[in-house]
Amino acid sequence: MENGDFVRVSFTGRVKDGPVFETTDEEVAEEEGIFDEDKEYGPRVVVLGQNTLLPGLEKAILEAEVEDSGEAEIPPEEAFGERREAAVISLSKREYDSRFDQPARRGTRVEMEGNTGTIISTVGGHVRIDFNHPLAGETVVYEYEVLEEVEDPVEKVESALENSTGSPGSEFDIEFEDGALEIRPPMPEFPKQGWLLGKGRMADTILSAIDVDEVRFVESFRSPEASGDAEETVDEPAEPEAEAPDEGPGEE
């Protein structure tokens with residue numbers, strides 16, 4: 001395998017000597033108690049070299065061939081990183097309340113400046129929030145299988161879109177015409193942050209993977225009336241005018 005290859009893979013990741021935390025297999029997810037009804041299970045198409053997998057898992061797949069399977073033990077620095085004390089902050093209860101709407105409870109997940117953290121304690125009028133990844137500092141183990149290399153242009157585009165936005169690639173309208181590729185996201189759900197910030201990278205990935213000269217992203221916004229949401233008004237047919245009676249024959 002090489003960087004830039006699109007490959008279909010299946011995998012299951014677990015903490016070393018611990019629980020499963022990620023899998024592409026729906027049956028495994030149900031058995032391990034991590035099934036998510038909003039998630040689409042099944043083998044994933046990934047682009048090697050685009051940071052769509054953990055570095056340690058990607059390294060193992062790059063060294064594999066199609067139909068290979070294996071197990072990779074991945075240290076923290078090639079998985080979710082080492083734990084950093086600097087990523088744990090303390091806020092006064094007053095400052096916390098001014099920043100967040102959620103009640104300050106242990107285990108609550110909060111967003112701050114684009115980072116996600118977990119409240120780990122609320123003691124003495126202070127709230128401690130840990131912005132390390134929940135699996136930071138952990139060695140993880142992945143079982144994986146490289147199923148095939150993907151060659152279909154549409155599937156490559158769909159996978160690039162899905163990996164960048166988190167939305168299924170099949171939700172996008174994709175059209176090839178005269179050496180150009182036109183991509184329309186599902187509206188009005190879009191634009192999402194991954195879409196807004198990732199168009200350049202998506203275009204680079206697509207242009208390097210398939211034979212097109214240009215990639216166009218088209219976002220179309222319609223008024224409620226144009227979308228058919230406005231109430232229709234139907235003109236009632238006009239009543240026919242009464243016909244004038246025929247005049248009888250003139251009297252002589």
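Each reported figure results from applying straightforward, stated rules to the coordinates on display, with no laboratory input. Everything numeric in this text was worked out from a predicted model, so none of it was measured. When we count neighbours, we look across all protein chains shown, and the Cβ atoms used for this are built from the backbone with ideal geometry, even at glycine.
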Once both label points are put 7 Å beyond Cα along the C-beta direction, the S220-R105 separation in nm becomes 4.5 nm
Which distance in nm do the two modelled labels at E85 and K39 give, with both placed 7 Å along the Cα-to-Cβ direction?
-> 3.4 nm
Net lengthening on full extension, D204/I174 (0.36 nm per residue, minus Cα-Cα) = 9.2 nm
Extending each Cα 7 Å along its Cβ direction at H126 and D152, get the distance between those two points in nm, one decimal.
-> 5.6 nm
Here region 96-103 yields Karplus 3J(HN,Hα) values (6.51, -1.76, 1.60; θ = phi - 60°; whole Hz; Gly and Pro given as x) of 4, 5, 6, 9, 10, 8, 6, x
Would you work out if region 25-95 is rounded, prolate or oblate? Take a ≥ b ≥ c from the square roots of the eigenvalues of the alpha-carbon gyration tensor; rounded if a/c is under 1.5, else prolate when a/b is larger than b/c, oblate otherwise.
-> oblate
Among rounded, prolate and oblate, which fits region 100-178 when a ≥ b ≥ c are the square roots of the eigenvalues of its C-alpha gyration tensor, a/c under 1.5 means rounded, and a/b larger than b/c means prolate?
-> oblate
Go through region 65-82 residue by residue and turn each phi into a ³J(HN,Hα) via Karplus (6.51, -1.76, 1.60, θ = phi - 60°); whole Hz please, and just put x for glycine and proline.
-> 10, 4, 6, 6, 9, x, 9, 10, 8, 10, x, x, 5, 10, 10, 9, x, 7
Take the Cα atoms of region 85-130, build their convex hull, and give its volume per residue in Å³.
-> 69 Å³
In region 31-84, what chymotrypsin sites (Phe, Trp or Tyr not before Pro) fall in a loop by DSSP, with at most 15 other Cβ atoms inside 10 Å?
-> F35
Taking region 1-140, the whole-percent share of alpha-carbon pairs separated by over 26 angstrom is 40 percent
List, in order, the whole-Hz ³J(HN,Hα) value for each residue of region 152-158 obtained from phi through the Karplus relation with A = 6.51, B = -1.76, C = 1.60 and θ = phi - 60°; use x for Gly and Pro.
-> 5, x, 5, 5, 5, 4, 4
Give the long-range amide H neighbours of R83: residues separated by 5 or more places, or on another chain, with amide H under 5 Å away, using H modelled in the peptide plane at 1.01 Å from N.
-> G137
Residues D211 and L62, FRET efficiency given R0 of 22 Å [Cβ-Cβ distance, rounded to 0.05] | 0.35
